[in-house]
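Peer 1: Pasting in a structure now, in structure tokens, and then I'll have a few things to ask.
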Amino acid sequence: MANADVFQSVREGFTLASPNARVTQSVRESFTLTSPNARVTQSVREAFISLNTFLPTTTTSVLTNVDTWELDNSPASNPLDTGTPIAWNENLLDQQRFSLAPTPANNGTIGFLYIQLATTLTGLGVNFAVPDDWTPYIMWGALAELLGSDGSAYDPVRANYCVQRYNEGVELARLVLGGSQ
Amino acid sequence: MAGWNGIFFNGVWSCGFDFLVGTVTSGGVVDAPFGTVVAGPSFARFSGNGVNFSASYLQRSFFVNLPSCIVGFAYNAVQLPIAGNLGIIGTWYDVTANGVQLTLVCNSLGALQFYTNGGIGISIPSIPIGSASPAGTIIAGAYNFYEVLTTIDPLVGAIQLRINGNTVINFSGNTKTTTNSYVNQFRLGGAGFNGATHADDMYILDMTGSSPYNTFLGNGRIQTDGPNADSASGGLNTWTFTSPQGTDWGNCANIPANAAQFNSSSTVNARMSFRFPSIIGNRVLFLNNWYQAQEDAAGTRTLTTIYRSNNVDQVGPTPVSLPGTPTYFNQPSTIDPNTGQSWASGTVVAAGSCEIGLEVVS
């Protein structure tokens, strides 16, 4: 009987390769929106200013002449009130003085209608170009004008008398002296 | 027309040059100057700063075509031109056609005249239009306030020049030089004088505004102030500020602006509102907020100006997208938000009491 000679006996085993993952770098990228700051280094105001004199719109109103009794007893009147004046008063005040009611709250302008005082008489008189006997009739004419004009002295009855006396003087001058008015 | 129209808001643009110091660059106030233009107190008409020209000029593009406009400015020729020369004061320019419509010049006798060509700030014009003003209309070394109404048209064109409120030139006829019947740029200053010239207190009207912003505003000046206090209302100042100013209004009051002292915010609806000094004068025509701002990183950040009068806000209306470098922006106001009427019809106290500030819109 022959012997089986085994010269080599190897085993082959077929296996699947199992490679290692080799990592030499691993970084993270993240995409984000930037959020910038608003940065302000200066903020100034320009104002264009007119160099012309500018007058604001004005209103004018007539003031009512009242007396102190009305000021004291008017329910709407309070001496401590200020505002746009609606009335004026002069009685119980010194000459050439008047008051406003209510007391003005702002600056304003007063329009005052008045009769200026006449020139002080010097006593030297004025030469008239009429005879001395007719000078009284000039007085009657002046009185007629004063009493016939608007104002506190208006008196039409007495003014009419003065006009008659003045006309009398004119007629006499015409008859006696051959003169005219 | 209300709102923005090119550089005009409600018909108005202005610059008193007071917040500029040193060599004037573009930076959003004007286009890049031609030559060297310097801002400083020695050139001022009254106070603050004026600008100095040495054969140079400032250029302001309108970014809108205007058939008619009014330009007002104060101008001082330190010396008049020598005999035979013409000193250029202003040039009305058509960028589209790259040509001059009108040039205003002064001669050695102090007479003013318009020309239809040349100019461009440096070129001496040669074709007069209309009559010159009398000799001695201006004298050397004194500020005068110029207001010029121009209508560019070949048939019904017009030029009216007022000096200190008085009309010295009034022309009707052909005012058109280029192929277009409009101007879209104004150049202030130029060559030709026998020395430097100064300017201050400038305004421009596009003629689309409501009265009184569609006619001559009259002899006026621009008072420029930085803020002097935070808002009278609490909670209206939420920006953070750098030191050492210590206050947000302090940073905004710097003249010139200081890049190291600023207010900063990325918070939407963050707001700052400031009070300003009283205004001295008889009548305020309009207000204008000039501010320098930027965004400090990539992205988008927008701001808007808010005028606050008697606790009533006037916002924007248009938010401004900020660039990455410091740039000037402005937002005029012609209407008092408290009354709904023009500032011109109100009181100086009301205009002076108006708070002004900025808000982060987005």
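Peer 1: Take peptides B:64-77, B:33-46 and line them up by average Cβ neighbours within 10 Å, highest first, as a rough protection proxy.
Peer 2: By packing density, highest mean first, the sequence is B:64-77, B:33-46.
Peer 1: For the protein assembly as shown, I need the span (max minus min coordinate) of the C-alpha atoms along each principal axis, in Å, sorted largest to smallest.
Peer 2: 210, 74, 42
Peer 1: Report the far tail of the P(r) of the stretch B:127-214, meaning the percent of Cα-Cα pairs longer than 21 Å.
Peer 2: More than 21 Å apart: 41 percent of the Cα pairs in the stretch B:127-214.
Peer 1: Within a 10 angstrom radius of each residue's Cβ in B:196-205, how many Cβ atoms of other chains show up on average? Whole number is fine.
Peer 2: Mean shielding by partner chains, rounded to a whole number: 1.
Peer 1: Another question, if that's okay. Viscosity 0.692 mPa s, temperature 37 °C: give me the Stokes-Einstein translational D for the stretch B:318-362 in µm²/s, with Rh taken as the Kirkwood radius over C-alpha pairs.
Peer 2: 256
Peer 1: Write down the Å³ per residue value for the convex hull defined by the alpha carbon atoms of the stretch B:93-252.
Peer 2: Output value, Cα hull per residue: 193 Å³.
Peer 1: Ordered by packing density, taken as the mean number of other Cβ atoms within 10 Å over each peptide's residues, highest first, how do B:11-17, A:109-115 rank?
Peer 2: B:11-17, A:109-115
Peer 1: Taking R0 as 22 Å, what's the FRET efficiency between residue A:132 and residue A:171 from their Cβ-Cβ distance, rounded to 0.05?
Peer 2: Calculated value: 0.75.
Peer 1: Taking just the alpha carbons, could you work out the radius of gyration and Dmax for chain B, both in angstroms?
Peer 2: Just the Cα atoms of chain B yield Rg and Dmax of 20.7, 64 Å.
Peer 1: Sticking with this one: Can you list the residues, at least 5 places off or on another chain, whose amide H is less than 5 Å from the amide H of residue A:52, using H built in the peptide plane?
Peer 2: Hits under the 5 Å cutoff: none.
Peer 1: Ok, one more. Would you calculate the convex hull of the Cα atoms in the stretch A:98-167 and tell me its volume per residue in Å³?
Peer 2: Convex hull of Cα atoms, per residue: 148 Å³.
Peer 1: Whole-Hz ³J(HN,Hα) for each residue in the stretch B:11-22, computed from phi via Karplus 6.51 cos²θ - 1.76 cosθ + 1.60 with θ = phi - 60°, x for glycine and proline: what do you get?
Peer 2: Going residue by residue, I get x, 10, 9, 8, 7, x, 6, 5, 8, 9, 9, x Hz, with x marking Gly and Pro.
Peer 1: How big is D for the stretch B:63-107, in µm² s⁻¹ as a whole number, if Stokes-Einstein is applied with the Kirkwood radius of its Cα pairs at 37 °C and 0.692 mPa s?
Peer 2: Using the Kirkwood radius from Cα pairs, D works out to 261 µm²/s.
Peer 1: Within 10 Å of each Cβ in B:299-305, how many Cβ atoms from other chains are there, averaged over the peptide?
Peer 2: 3
Peer 1: Averaged per residue, what accessible surface does chain B expose to a 1.4 Å probe, in Å²?
Peer 2: 36
Peer 1: Using only protein heavy atoms and a 1.4 Å probe, how much accessible area in total is buried between B and A, to the nearest 100 Å²?
Peer 2: The buried area between B and A, both sides summed, comes to about 3800 Å².
Peer 1: Taking H as built 1.01 Å from N, whose amide H comes closer than 5 Å to the amide H of residue B:28, not counting residues under 5 places away?
Peer 2: Under 5 Å from the amide H of residue B:28 lie the amide H atoms of B:328, each far enough along the sequence or on another chain.
Peer 1: Return the average number of partner chain Cβ atoms within 10 angstrom of each residue Cβ along peptide B:259-270.
Peer 2: Taking the mean over all residues of the peptide, I get 3.
Peer 1: Let me ask something additional. Kindly rank B:108-116, A:91-99, B:188-196, A:131-139 from highest to lowest mean number of other beta carbons found within 10 Å of each residue.
Peer 2: Peptide ranking by packing, descending: B:188-196, B:108-116, A:131-139, A:91-99.
Peer 1: To the nearest µm²/s, what D does Stokes-Einstein give for the stretch B:14-147 at 37 °C and 0.692 mPa s, using the Kirkwood radius over alpha carbon pairs as Rh?
Peer 2: 210
Peer 1: Across the stretch B:43-90, what fraction of all alpha-carbon pairs, as a whole percent, falls in each successive 10 Å bin from zero upward?
Peer 2: 17, 44, 31, 9
The values are calculated or read from the model by the stated rules, or taken from the named source; none is laboratory data. As the structure is a computational prediction, the values presented were derived from the model and not from experiment. Backbone-built Cβ (ideal geometry, glycine too); neighbour counts: all protein chains shown. Protein only, heavy atoms only, side chains kept; ligands, DNA and RNA dropped before computing areas. Shrake-Rupley method; radii C 1.70, N 1.55, O 1.52, S 1.80 Å.
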